[in-house]
Amino acid sequence: MAEVKWIKLLTEMFDDEKIKLIEAVPEADMILVIWIKLLTLAGKKNMNGYIFLTENIPYTDEMLATLFNRPINTIRLALETFKNFGMINYNGEGQIKITNWEKHQNIEGLERIKELNKKRATDYRKRLMAVGGNNYLEHYQEVYQRDKGKCVYCGSIKDLCLDHLIPLIKGGDNEADNLALACKPCNAGKSGKLIEDTNYHFINDKTSEQYESVKKRLKITHNITQNHALRLDQIRLEEHKKDVVCVSPVETVETVDNSSKEKEKLLKKEMLDLVSGCFKESFLDGLFKKYPVDRIEKYFEELKYLENIRNPVGWLVTALKNDLDKGG
């Protein structure tokens, strides 16, 4: 399994009876550091709390002393303390297991993410096979030369890959004119959307002309997604507000406010339903107080299309914070 990038530490950790007893021993600080290191190592292994070098080779005291950069006698004292307090145990192969691992990792949420990622990957492979599988990779050199070795969205020359201008999910195919160079961040950000439904744009007119040509060839005429339509509805609502504000300003403000609240309510429900166990209602309440609904919607839409995101909460918060810092 791939390692996870986060573990849970409760704010009440130092109120725990076992931790208080550990704090009473002379080597308390060192033992507690080793405990945190064990938890992070278990997270990296991501094997339901088990810690081992390989499935056939358990960690020895000497190995852990090297990994944790601590004296071997301190490692042995810590492990014996954890074992006596029931914080760890050993299986028949000598592998260490963190007891009550679910306290430190959102197991249900992780499994839900894995299921979603697996489903997205399966759906993508089906769409890929329907249009000829991975044969689009044979166009790489041609596309690389045509796009002059630069991402068509930001101009980067690093971490380049092929992007479908019209995504497969929107009716695209694997022909060279539907492919363009994109750096991996832009490719992941645009994901399965048309460029009209993102904040991306082409850095040169040639790619824009190519895009319009492909749309005509594939007969992509209706390209306004539901989210794009919602944004248009918001614009229309604002225009309506300007028209009627002189007649009934209070009523108009209430209408806009109610519409925003309804949108927030629906978006919250979708976030809770889609990634059950990861987003908590209390967390979302705080998130919607801090950030505008349309920004949360934008980055949540991107998150839905990203694969192998092990910490969706962290990804979303980071994206929103960066957006706010940029004044977006």
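Any read-out appearing in this document is the output of simple, stated calculations on the displayed coordinates, not a laboratory observation. Note that this is a predicted model, so its numbers are computed, not measured. Heads up, the Cβs are rebuilt from the backbone with ideal geometry, glycines too, and the neighbour counts pull from every protein chain shown.
Charged neighbours of Lys83, selected by a Cβ distance under 15 Å, balance to +1 (K, R count +1; D, E count -1). A Förster radius of 56 Å, combined with the Cβ-Cβ distance separating Ala188 from Glu17, puts the computed FRET efficiency at roughly 0.80.
Distant-in-sequence amide contacts of Gly171, defined by a placed amide H-H separation under 5 Å and a gap of 5 or more residues or a different chain, comprise nothing. When peptides 57-66, 174-183 are sorted by average Cβ neighbour count within 10 Å, with the highest value leading, the order is 174-183, 57-66. Length gained on full extension, Ser156 to Glu262: 34.2 nm, using 0.36 nm per residue less the C-alpha separation. Beyond 29 Å in Cα-Cα separation lie the following of the pairs Lys215/Lys298; Lys44/Lys290; Lys97/Lys298: Lys44/Lys290; Lys97/Lys298.
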